[in-house]
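Here's the structure, in structure tokens; my notes come after.
Readers should treat all values here as calculations from the given coordinates under stated rules, not as data from a laboratory. All figures in this text were calculated on a predicted structure; none of them were measured in a lab. Here the Cβ is made from the backbone with ideal geometry for all residues, glycine too, and neighbour counts use every protein chain on show.
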Amino acid sequence: MYEAVHPPSESLSSVTASATSVGYDGLVVRDGGADVPLDGCDSDFDIVPGLTVDADPDAASGRIAARRRETTLLLVRGGTPDRNRFAVEEPRVDVLAAPTAGPNRFPFDHVLARAAARNGVRVEFDLGPVLRETGGTRVRAVSSLTRLRDLVKTYDAPHVVTAGAGGSLSLRGPRALAAVGETVGLGHDFVVEGLREWGRIAARNRDRASENWVMPGVRRGRYDPADWADPLVEDDS
Amino acid sequence: MKSLPKSRRPRWRYLGVGVEIALETSLDRRALQSAVWEAATALLGDPGSAAVDPTVVAVEFSPPHGRGMATVRVRREAVERGRAVLACVSAIDGEPAALRVRGVSGTIQACAERYGDG
């Protein structure tokens with residue numbers, strides 16, 4: 001399972017050590033792209049470089065085009081109806097981050113959920129406010145998450161789950177996140193599935209970035225059935 | 001008062017919990033207990049916290065490393081809710097902290113032996 005973290009203020013190696021101890025196979029660093037410093041990190045631990053585009057739709061389109069090739073994972077920060085709509089209608093986007101973070105009315109609806117399912121854009125569920133906020137802020141966060149979950153489930157849109165950690169102290173393990181998800185009404189399996197999804201997107205994007213990939217279903221080179229094993233299917237053996 | 005027959009007594013589970021906090025002094029059991037209760041009432045409400053009944057039984061903490069181990073007792077039926085409560089503790093006495101469940105045992109001794117630092 002993977003988790004996504006903001007670029008930590010401490011060294012990345014201490015965050016990866018904590019992540020390994022709580023049971024993650026890898027971490028997505030949400031910003032920094034290929035410039036993420038990997039000094040001291042365990043080479044067996046997978047670190048996935050990501051970039052977050054935080055801009056209104058007019059500016060975001062150009063930035064996505066420029067950054068798509070630079071990074072394995074591309075996230076677009078939502079929060080308003082316009083931003084959310086732009087992100088879910090853009091197939092080059094991997095993850096719509098913080099879709100309900102804005103101060104406005106609930107900025108996600110069934111039209112956006114359908115578009116996210118059509119374009120394969122993962123909708124992010126950030127458990128950070130549930131873990132770290134209190135009072136009304138947390139109540140609103142829980143209410144937004146359950147409302148978003150209903151839409152995402154109804155229209156079968158893909159999703160990812162994170163705790164929005166910015167350091168080793170705010171990192172929580174997969175079982176802890178699943179327990180919190182179950183308690184606030186998201187469901188244990190929904191959270192586990194969302195944590196696995198980070199690894200699946202990373203595997204898919206790395207496969208696409210490899211030399212032999214031409215387009216979906218087309219590869220360069222001699223035919224070998226082993227090459228056609230679906231990287232998105234986890235090997236349980 | 002007569003003690004309850006064994007089959008009627010409440011059943012407990014003991015969570016071995018790793019504590020990470022940047023503290024120069026030792027970690028007080030009461031401080032940890034109040035942080036856990038606060039997180040429990042905020043997440044589950046008063047009836048929910050009473051059903052989980054998270055109680056800090058023991059704390060071992062070495063200040064230079066900022067790491068330690070605590071044993072937290074919860075009701076047997078409420079281990080997962082107890083896990084959620086501990087995940088929601090983000091500060092102890094105002095200091096940023098993390099509580100990570102290392103494992104679950106049926107007795108305090110087994111918990112300390114399996115998940116303790118020593």
- Query: Just for segment A:8-54: of the residues that are within 14 Å of another protein chain (Cβ to nearest Cβ) and under 27 Å from A:Ala66 (Cα atoms), which one is nearest to the chain's Cα centre (by Cα)?
  - Reply: A:Pro8
- Message: Looking only at segment B:1-37, filter to residues that are part of a helix (DSSP H, G or I) and not basic (Lys, Arg); which one of those is surrounded by the fewest Cβ atoms within 10 Å (Cβ to Cβ)?
- Response: B:Ser7
- Message: Test of understanding: among A:Ala60, A:Ala66, A:Ala55, which residue is in a helix (DSSP H, G or I) and in contact with a helix residue (DSSP H, G or I) (Cβ under 8 Å, 6 or more places away or on another chain)?
- Response: A:Ala60
- Only listed residue being touching a strand residue (DSSP E or B) at 6+ places or on another chain (Cβ under 9 Å), in a strand (DSSP E or B), on the phi < 0 side of the Ramachandran plot and not acidic (Asp, Glu), chosen from B:Val57, B:Val85: B:Val57
- Hits in segment B:62-82 - residues which are surrounded by fewer than 21 Cβ atoms within 10 Å (Cβ to Cβ) and not in a strand (DSSP E or B): B:Pro63, B:Pro64, B:His65, B:Gly66, B:Arg76, B:Glu77, B:Ala78, B:Val79, B:Glu80
- Task: Among the residues of segment A:209-227, write down those that are closer than 23 Å to A:Leu74 by Cβ and in a loop (DSSP other than H, G, I, E, B).
- Result: A:Ser210, A:Glu211, A:Asn212, A:Pro216, A:Gly217
- Query: Taking segment A:153-170 on its own, how many of its residues are touching a helix residue (DSSP H, G or I) at 6+ places or on another chain (Cβ under 6 Å) and more than 11 Å from chain B (Cβ to nearest Cβ)?
  - Reply: 7
